[in-house]
Amino acid sequence: ERKFALYGHYKHLTTELPHRQGSKGSQADYVTREMIFHFLWFDEPLEEAHHAYLFQHYPILYEIKSCIQSFRQIYECGNMPFLYLFIENHLTSGIVSFKSFAKGLLKDIEAVENSVASPLSNGFVEGVNNKLKMIKRIMYGRGSLELLRAKLMFKI
């Protein structure tokens, strides 16, 4: 039975489909969206045959990968000129989503500049707010105010 490496470990071909990790079988060879996402976002490797097929049939992946890498580079270097070059390049992009993203960055350019220039973040506060809202939604109509208060104090 043939095996192939993915994410640093081996998987049997018969177990690939249930775990949505892709397959290279005798009748079908497929790549899942999850694998493509991990390749683009986390830079995890794809099998060479999958990589060649994807970039041959979906050349837009080059642009997506390039966009993700350049946006990350802006924050890693804290370089403001890279930010403006990124926005300028993507305002004229042929990909509608990139144009929309660049326009959104321009709308709130002051906040974007601050996020690039400063190592500080409000991510922790936003995470706590999201957790509170999730608990509130779960509890809606299910318990009293005292129970909600106790649950919030326990979870935070």
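Annotations for the structure displayed:
- Amide H contacts of GLU44: PHE39, each under 5 Å away and 5 or more positions distant or on a separate chain (H built 1.01 Å from N in the peptide plane; Pro and chain starts excluded).
- Count of lysine pairs in segment 78-156 with Cα separation under 13 Å (8 or more residues apart, or interchain): 7
- In the context of the full set of protein chains, residues of segment 46-156 present 74 Å² of accessible surface per residue (probe radius 1.4 Å, heavy atoms only).
- Heavy-atom accessible area ranking, 1.4 Å probe, most first, across SER118, SER100: SER100, SER118
- Inter-label distance for ALA49 and ASN122, nm, one decimal - labels placed 7 Å from Cα along Cα-to-Cβ: 5.0
- Surrounding net charge for SER66, when Lys and Arg each add one and Asp and Glu each subtract one, Cβ distance under 13 Å: 0
- Among VAL125, VAL96, the sequence by solvent-accessible area, most first, with a 1.4 Å probe is VAL96, VAL125.
The values are calculated or read from the model by the stated rules, or taken from the named source; none is laboratory data. The structure presented is a predicted model; accordingly, all values stated were derived computationally and were not measured. All Cβ positions, glycine included, derive from the backbone under ideal geometry; neighbour counts span all protein chains shown. Accessible surface is based on the protein model in full, side chains and every heavy atom, while ligands, DNA and RNA are left aside. Shrake-Rupley method; radii C 1.70, N 1.55, O 1.52, S 1.80 Å.
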